[in-house]
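Scroll down for the structure; my scribbles are underneath it.
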Amino acid sequence: MPELPEVETVRRTLNELVAGKTIERVRVFLPRIIQKPDDTEQFSLLLQDQTIQTVERRGKFLLFKLDDLALVSHLRMEGRYGLYGQDDPVEKHTHVIFYFTDSTELRYKDVRQFGTMHIFSKGQELLEPPLKKLGLEPLDDSFTFKLFRDAIGDRKTKIKPLLLNQEYVVGIGNIYVDESLFAAGIHPEREADSLSRSELEKLHEAIVRTLSEAVEAGGSSIKSYVNGQGEMGMFQQQLKAYGRQNEPCAVCGRPIIKTVVAGRGTHYCGHCQPLKRKRSLKQ
Ligand SMILES: [Zn+2]
C-alpha cells in the first residue's frame, strides 16, 4: 500500500501533469470506486467543465482542487493514475477516465479495486469523512515536537499500532513505521507512555527524516511502484529494517528480527531497539 512518500510523489507528478486542465466529461466503469455522490451519473455531471486548479494531499489522500469542488481520491492497495492521449489503448483495470478539453485523458487504474473517490464542495472535504478525523501531517511545519508529544505521549498503546493509526499522525504505514522506530532505536512494542522525552524527540525527528528522505527519493514500495509518469520508485534499497529479516543490522551487525505486532509483519533489531519493560521516568 502506498504510504505518504509515494502519495506525495504521485501528487507532485499529477500536479505537473494535470493542473490547469479542464474536464470535458468523465466515464466511470466501476461504480464502487465512487463513494460520493451515490450516483456515478451525478459524479460525472458535477465534474463536467471543472478545471483542476491544483493537486494537494492530506495523509494518504489526494485532493484535486477544482473550480468549486474538491475530489478526494485514495489509492488504497494498487490504485494508479496515468495521463494518456486519446488514441492510447485503454488498459485492463481502467475504472475511471477523465477526458480533458485538450484531448488528453487522466485514467485511474486499480487491479485490486479498493480505491475510493469522493466529491465535496470546496472546503467541505476537511469537515467530513474520510478526511475529518485525520491527525497531524508529519511533513508540515505545524508538526512540532510538542504537538506530537501531546497527541501520543500519554497513550498506553504500543507505539507501532499507535503510529499506524491515522487519527494521531497521518501517512505512516507498515514500511515507514518500522524504519522510523529503527532510526529512533525504539522497540515497536514499547507503550507510548513509557517513552522518555528524549526517546519521543528521537522518534519525532526520525519520522520527519525518514519520510522526507523517502519523498526525496521519489517514494518506495515493495511491489514495483510506478508514479504518474511511469517512473519507478527508487527508495526501496535504502530501507534499513523493513523486509530485511536475518540481514545484518546496519548499526550493530546482528540479524534483523521479523515478528508480528498488532497483526502486522514487523522488523526490528533486538539489540538497537530493546524492549525495556521498566517504565522510564518522564521528564
Ligand atoms: Zn542493531
message = Given the criteria hydroxyl-bearing (Ser, Thr, Tyr), over 16 Å from the mean Cα position of the chain (by Cα), surrounded by fewer than 19 Cβ atoms within 10 Å (Cβ to Cβ) and assigned to a helix (DSSP H, G or I), does Ser198 qualify?
response = yes
Flag for Pro89 being touching a Ser or Thr at 6+ places or on another chain (Cβ under 9 Å), surrounded by fewer than 20 Cβ atoms within 10 Å (Cβ to Cβ), farther than 30 Å from Thr210 by Cα and outside the structural domain of Leu164 (by TED's automatic domain parsing) = no
task = Would you mind stating whether Phe43 is surrounded by fewer than 20 Cβ atoms within 10 Å (Cβ to Cβ) and within 17 Å of Phe98 (Cα to Cα)?
result = no
message = Which condition from (1) under 30 Å from Ser194 (Cβ atoms); (2) modelled with pLDDT under 95; (3) in contact with a Lys or Arg (Cβ under 9 Å, 6 or more places away or on another chain) is the one that Lys133 breaks?
response = (3)
message = Tally up the residues in the stretch 155-177 that are in contact with a Leu (Cβ under 8 Å, 6 or more places away or on another chain) and among the charged types (D, E, K, R), please.
response = 3
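Here is a list: Val26, Val72. Which entry is among the aliphatic types (A, V, I, L, M) and under 27 Å from Leu164 (Cα atoms)?
Working: Val26 fails: under 27 Å from Leu164 (Cα atoms).
Of Val26, Val72, the one residue that is among the aliphatic types (A, V, I, L, M) and under 27 Å from Leu164 (Cα atoms) is Val72.
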remark   = The condition from (1) under 28 Å from Gln50 (Cα atoms); (2) touching a Gly at 6+ places or on another chain (Cβ under 8 Å); (3) among the small types (Gly, Ala, Ser) that Ala151 misses is numbered (1)
request  = Go through the stretch 254-273 and give me each residue that's at pLDDT 95 or above, closer than 15 Å to Arg190 by Cα and more than 10 Å from the ligand (Cβ to nearest atom).
outcome  = Thr259, Val260, Val261, Thr266, His267
Close pairs (8 angstrom Cβ cut-off, 6 or more residues apart or separate chains): under 21 Å from Leu162 (Cα atoms) and in a strand (DSSP E or B) in the stretch 251-277, more than 9 Å from the ligand (Cβ to nearest atom) and among the hydrophobic types (A, V, I, L, M, F, W, C) anywhere = Arg264/Leu164; Thr266/Val260; His267/Ala241; His267/Ile257; Tyr268/Leu181; Tyr268/Ala241; Tyr268/Ile257
message = Within the stretch 173-180, does at least one residue satisfy the condition of being out of contact with any strand residue (DSSP E or B) (no Cβ under 8 Å at 6 or more places or on another chain), of a type in the set (Asp, Glu) and surrounded by 19 or more Cβ atoms within 10 Å (Cβ to Cβ)?
response = yes
Of the criteria (1) assigned by TED's automatic domain parsing to the domain that holds Ser212; (2) touching a strand residue (DSSP E or B) at 6+ places or on another chain (Cβ under 7 Å), which one Ile152 fails = (2)
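Rundown of residues vs (1) more than 17 Å from the chain's Cα centre (by Cα); (2) surrounded by 18 or more Cβ atoms within 10 Å (Cβ to Cβ); (3) part of a loop (DSSP other than H, G, I, E, B), yes/no style:
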| site | (1), (2), (3) |
| --- | --- |
| Val111 | yes, no, yes |
| Ile119 | yes, yes, no |
| Lys133 | no, no, yes |
| Phe148 | yes, yes, no |
| Lys156 | yes, no, yes |
key: Members of the stretch 165-191 found to be aliphatic (A, V, I, L, M) and in a helix (DSSP H, G or I), listed by number   = Ile175, Val177, Leu181, Ala183, Ala184
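The values are calculated or read from the model by the stated rules, or taken from the named source; none is laboratory data. Source: prediction; values computed, not measured. Positions of Cβ are generated from backbone atoms using ideal geometry, with glycine treated the same way; all protein chains shown enter the neighbour counts.
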